[in-house]
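A.B. asks: Next up is a structure, given as structure tokens.
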Amino acid sequence: MRAKLIPASAEKRLAEVASVRAPQDGDMTAENLPNLVDGAVAVITGWGTPPLDETLLAHAKSLKLVAHAAGSVRHLVPFAAIEEGRLHVTHAAIHIGEAVSEFVMAQVLSFLRHPAELADGMRNNEPWFDLRTRLLGRLLGEQTVGLLGAGYIGRMMMRLFRAFNARVLVYDPYLTEPQAYEMSVELCGLDDLLRRSDIVSLHVPSLPETRHMIGADQLAMIKDGALFINTARGAIVDEQALIAELRKGRFTAVLDVYEKEPLSHDSPLRTLPNAILAPHAAGHSHETYLRQGATAVDEVCRMLAGEPYRHEVTKAVLSTMA
């Protein structure tokens, strides 16, 4: 994982300014964590790092920074340590967001323009004009897009969809009317967004307040022929209600996340022709991994140089952060 996430150039840069303690295979256990962080002023964490709980923090008196080479820190560090100023935490969510936003756009454009189906038709020698007529595409700029959430990824999606001149509706209780106006999007209620949108894309964090925020009633509001995309978290959507609605064949769903992962082999979602599935892959790309690690190293170097962090998890965002 370390080789996948941290470029050699970043490793070299870090070694020039710090003494680096790199765990070996098998060292990354909860039992061994106190020894690994003993005397450290900063730690770089990633997927699979055991939680840095209060017991550990009490032992790691010199620790000032946790530079997380991934996104969510909710289960990594006690939020009280951030709120009380005992610990600085940075993350690389911005880079995961870049990958997710590209994945969403790829799915949207594929849905509207049918490149794979056109290629299949050509291979099967379907008559030229019949094929073109059967799979006549639609312009993204003529669609109404509904975005749930205006965080890192939601705002990236706003910019991308607006670049195609699509109409963009946004539901986010924390977004103000002036902010929406500045971004050239329309702020609206959840039900209104679902009823009006040709494309619905979820970008809200998984919190107790957002669990099953999209249930049977909300799914019934989605337009016939619409595209529903969930690259956020599986818990946001009532999966059984979604399966029931998809069985009606009214709309298509792109799903990258599920209530239980990995998705079970016998899940009905695997058999539905209007369910386009991916294995929680939206935020993953070769370049994304390297950007995550390089950003974590950069934050450590900034701390050592007394410079401000670029991607700090602040007190203000804790209540709405995944």
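A.B. asks: Just checking, which of ARG302, ARG291 is open to solvent by less than 70 Å² (accessible area, probe 1.4 Å), of a type in the set (Lys, Arg) and either in a helix (DSSP H, G or I) or closer than 19 Å to GLY71 by Cα (or both)?
C.D. replies: Result: ARG302 is the single residue among ARG302, ARG291 that is open to solvent by less than 70 Å² (accessible area, probe 1.4 Å), of a type in the set (Lys, Arg) and either in a helix (DSSP H, G or I) or closer than 19 Å to GLY71 by Cα (or both).
A.B. asks: Just name the residue that is least open to solvent (accessible area, probe 1.4 Å) out of those in the range 183-194 that are over 13 Å from VAL145 (Cβ atoms) and touching a Leu at 6+ places or on another chain (Cβ under 8 Å).
C.D. replies: Among those residues, the one meeting the criterion is LEU190.
A.B. asks: On to the next question. Which members of the range 305-322 meet the condition of being assigned to a strand (DSSP E or B) and in contact with a helix residue (DSSP H, G or I) (Cβ under 7 Å, 6 or more places away or on another chain)?
C.D. replies: None; the set is empty.
A.B. asks: Moving on to the next point. Do the conditions hold for LEU76, that is, is it open to solvent by less than 40 Å² (accessible area, probe 1.4 Å), touching a Pro at 6+ places or on another chain (Cβ under 7 Å) and under 21 Å from HIS280 (Cα atoms)?
C.D. replies: yes
A.B. asks: Name the pairs: first residue in the range 31-42 and more than 14 Å from LEU65 (Cα to Cα) and touching a residue at least 12 places away in the same chain (Cβ under 8 Å), second residue of a type outside the set (A, V, I, L, M, F, W, C) and not in a helix (DSSP H, G or I), Cβ to Cβ under 7 Å, at least 6 apart or on different chains?
C.D. replies: LEU33/PRO50; LEU36/ARG21; LEU36/PRO23; LEU36/ASP27
A.B. asks: Can you tell which of THR144, THR176 is among the hydroxyl-bearing types (Ser, Thr, Tyr), farther than 26 Å from ALA322 by Cβ and out of contact with any Phe, Trp or Tyr (no Cβ under 9 Å at 6 or more places or on another chain)?
C.D. replies: Every option except THR144 fails the conditions.
A.B. asks: Taking the condition of being polar (S, T, N, Q) and over 24 Å from LEU175 (Cα atoms), how many residues in the range 100-151 meet it?
C.D. replies: The total comes to 5.
A.B. asks: So which helices (runs of 4 or more DSSP H) stay within the range 1-58 end to end and still have 2 or more residues that are touching a Pro at 6+ places or on another chain (Cβ under 8 Å)?
C.D. replies: 33-37
A.B. asks: For the range 52-73: of the residues being free of Cβ contacts under 8 Å to residues at least 60 places away in the same chain and in contact with an Asp or Glu (Cβ under 8 Å, 6 or more places away or on another chain), which is surrounded by the most Cβ atoms within 10 Å (Cβ to Cβ)?
C.D. replies: Checked the range 52-73; the qualifying residue surrounded by the most Cβ atoms within 10 Å (Cβ to Cβ) is ALA60.
A.B. asks: Right, next: Filter the range 59-74 down to the residues that are over 18 Å from the mean Cα position of the chain (by Cα) and not in a helix (DSSP H, G or I) and list them by number.
C.D. replies: ALA60, LYS61, SER62, LEU63, LYS64, LEU65, VAL66, ALA67
A.B. asks: Also, I was wondering about something else. Starting from residues that are among the β-branched types (Val, Ile, Thr) and crowded, with 22+ Cβ neighbours inside 10 Å, keep the ones in the range 223-250 and report whichever is farthest from the chain's Cα centre (by Cα).
C.D. replies: Here the answer is VAL237.
A.B. asks: When SER101 is evaluated against the numbered criteria (1) open to solvent by 60 Å² or more (accessible area, probe 1.4 Å); (2) part of a helix (DSSP H, G or I); (3) under 25 Å from ILE222 (Cα atoms); (4) of a type outside the set (A, V, I, L, M, F, W, C), which criterion, by number, is the only one it fails?
C.D. replies: Going through the list (1) open to solvent by 60 Å² or more (accessible area, probe 1.4 Å); (2) part of a helix (DSSP H, G or I); (3) under 25 Å from ILE222 (Cα atoms); (4) of a type outside the set (A, V, I, L, M, F, W, C), SER101 breaks only (1).
A.B. asks: Still on this structure, I have one more. Which of (1) out of contact with any Gly (no Cβ under 8 Å at 6 or more places or on another chain); (2) open to solvent by 60 Å² or more (accessible area, probe 1.4 Å); (3) on the phi < 0 side of the Ramachandran plot; (4) not polar (S, T, N, Q) is the odd one out, the single condition VAL43 does not satisfy?
C.D. replies: It fails just one condition, (2).
A.B. asks: Additional query: Has the range 76-93 got at least one residue that is modelled with pLDDT of 95 or more, part of a loop (DSSP other than H, G, I, E, B), in contact with a helix residue (DSSP H, G or I) (Cβ under 9 Å, 6 or more places away or on another chain) and β-branched (Val, Ile, Thr)?
C.D. replies: Scanning the range 76-93 turns up at least one residue that is modelled with pLDDT of 95 or more, part of a loop (DSSP other than H, G, I, E, B), in contact with a helix residue (DSSP H, G or I) (Cβ under 9 Å, 6 or more places away or on another chain) and β-branched (Val, Ile, Thr).
A.B. asks: Additional query: Test of understanding: among ARG132, ARG123, which residue is modelled with pLDDT of 95 or more, closer than 30 Å to ALA163 by Cα and surrounded by fewer than 16 Cβ atoms within 10 Å (Cβ to Cβ)?
C.D. replies: ARG132
A.B. asks: Any residue in the range 195-215 that is buried (at least 16 other Cβ atoms within 10 Å of the Cβ) sitting within a Cβ distance under 6 Å of a residue that is hydroxyl-bearing (Ser, Thr, Tyr)? List the pairs, counting only those 6 or more apart or interchain.
C.D. replies: Listed pairs, sorted by first residue: ARG196/THR144; SER197/THR144; ASP198/THR144; VAL204/THR210.
A.B. asks: Can you tell me how many residues within the range 251-280 are small (Gly, Ala, Ser), touching a Ser or Thr at 6+ places or on another chain (Cβ under 9 Å) and either open to solvent by 20 Å² or more (accessible area, probe 1.4 Å) or not in a strand (DSSP E or B) (or both)?
C.D. replies: Of the residues in that region, 1 qualify.
The values are calculated or read from the model by the stated rules, or taken from the named source; none is laboratory data. Given the structure is predicted, the values throughout are model-derived calculations rather than measurements. Cβ coordinates were reconstructed from backbone atoms using ideal geometry, including for glycine residues, and neighbour counts include every protein chain displayed. Remember, those area values only see protein heavy atoms, side chains included, never the ligands or the DNA or RNA. Shrake-Rupley method; radii C 1.70, N 1.55, O 1.52, S 1.80 Å.
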